[in-house]
Amino acid sequence: MAVTLSDPTTLSLLRMAGLGLAAGWSPDEGPRTTSALSPAEELAATVSRIGAVQSQNWRGALHTLAMRTPDRSLDTVRQAFDQGLLVRTWPMRGTLHTVASADLPWLLKATLPRMDRQTSRRRLELNIFEPVLEAVAETTHQELSRQSLTRTDLVARWQQEGLIGKMPGRAYHIFMTLCYRGMLALGPTDDTGEQLVVELDLPKLMADPYPVYIQRYFRSHGPATLDDLARWSGLTKSSLRSDTSKARTRGILASTPIGTHQLWHRPDLDEIPEEVLDSCREMILLSGFDELILGYRDRSCTISPEQEGLICPGGNGMFKHTIVENGHVVGTWRRGSAGHPVPEWFTDPTGPQLSAFERAGAQLPS
């Protein structure tokens, strides 16, 4: 099927398909058939293909990840974490993401130097020096060798040991630093559903991680620009440009000029079946931190700049859940008192839209 990347709707639908939102279809494997992988392993493979999935809020992360399982199962998501296939950490931009555990070495190798530089001033303001981090890491190792702890419980132990003081934000930045340096992550859940802290022992990775980083992003998030990748990764365009061009030369990526922009994408977009994009036209209810919205600098093909303020009022970084139809955000939604979705439409809904919302609500992860 020939695709027209100058059409905003087509562009948004292609992104949805690449990000695992086309029910019953995998961008790398085609129609889902009987797999030798368990559902949890399939989900981990999907997350690995995407590279990293925004997961600022744990409940929202469960929803986001479940939308990428064939049966939209929250249990499958929890199993992937409980089996150690997925972890939640700060691999870039100081923002929590879910990543495949196997991908942590190259992800963190690519972003660690810049993350350390970007957070150095805040660490200095909070009096977080290397001896402090070393002491906290040692206490953490001792505590976790004896028992499993949630992040809240672990921070309480730090407080009891007099390691963090009472300065607001200090514990958060210490924990984040230990995570993006590859020492800790959030993994399995306890009996209450809260995530437990896990220690990591990552192998040394000597290979250059940038080619893999770039390919994962554009083959899942594409069509997208280098500006989109730089915003998503927190890395500079100058550090990404050369390897992006090399991937095109090797046939791993392709690019299409649209106006003044160059859109990068997998080279086989024309081979995506039309029925796959048609499935993405159906109304879907996404969590507030889905990659379809937050994975780009320019998301105007999915939501207009005028409407962005409606999904993130005040620009405070807290995004509302979105209603997406035919590749476009048409409203937001929230959970009502009984847990049922309640819509807030951008414009008066049609009768078919109301019916589609009921169907989409019935298909929410459970």
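Amide H to amide H distances under 5 Å link F346 with G331, T332, where only residues 5 or more positions off or on other chains count and H is placed in the peptide plane.
Using a simple spin-label model with pseudo-atoms 7 Å out from Cα toward Cβ, S337 and I252 lie 5.5 nm apart. Among S304, S12, S238, a tally of other beta-carbon atoms within 10 Å of each Cβ gives an order, fewest to most, of S238, S304, S12. Of F346, F81, the sequence from fewest to most neighbouring Cβ atoms within 10 angstrom is F346, F81. Using the Stokes-Einstein relation with a Kirkwood hydrodynamic radius computed over Cα pairs, the translational diffusion coefficient of the chain at 20 °C and a viscosity of 1.002 mPa s comes to 100 µm²/s.
Length gain on complete extension for the stretch W345 to E358, per 0.36 nm per residue less the alpha carbon to alpha carbon distance? Between W345 and E358, full extension yields 3.3 nm more. Could you work out how far helix 170-180 tilts from the main Cα principal axis of the chain, as a 0 to 90 degree angle to the nearest 10? So the inclination is approximately 70 degrees.
Here W58 and A2 are evaluated by their C-beta separation; at R0 = 51 Å the FRET efficiency comes out at 0.75. Per residue, the convex hull spanned by the Cα atoms of the stretch 274-362 measures out at 111 cubic angstrom. Extension gain, M167-R121: 0.36 nm per intervening residue step, less the Cα-Cα distance, totals 15.0 nm. A helix-only calculation puts the chain at -13500 deg cm²/dmol for mean residue ellipticity at 222 nm, using -39500 (n - 2.57) for each DSSP H run of at least four residues, averaged over all residues. Quick one: if the Förster radius is 35 Å, what FRET efficiency do M318 and T139 give, using the C-beta to C-beta distance and rounding to 0.05? E(calc), rounded to 0.05, equals 0.60. Net charge dipole, the stretch 274-362: roughly 400 debye, given to the nearest 20, about the Cα centre with Cβ charges of +1 for Lys and Arg and -1 for Asp and Glu.
Take V132, V53 and order them by how many other Cβ atoms sit within 10 Å, fewest up front. The most exposed by this proxy come first: V132, V53. Taking 7 Å steps out from each Cα toward its Cβ at S304 and S245 produces label points 3.8 nm apart. The Cα center of the stretch 308-362 and the Cα center of the stretch 159-237 differ in position by 30 Å.
None of the figures in this text is laboratory data; all of them are computed from the coordinates on show. Only a predicted model underlies this, so the values are computations on that prediction, with no experimental measurement involved. Positions of Cβ are backbone-derived with ideal geometry, glycine not excepted, and every protein chain shown enters the neighbour counts.
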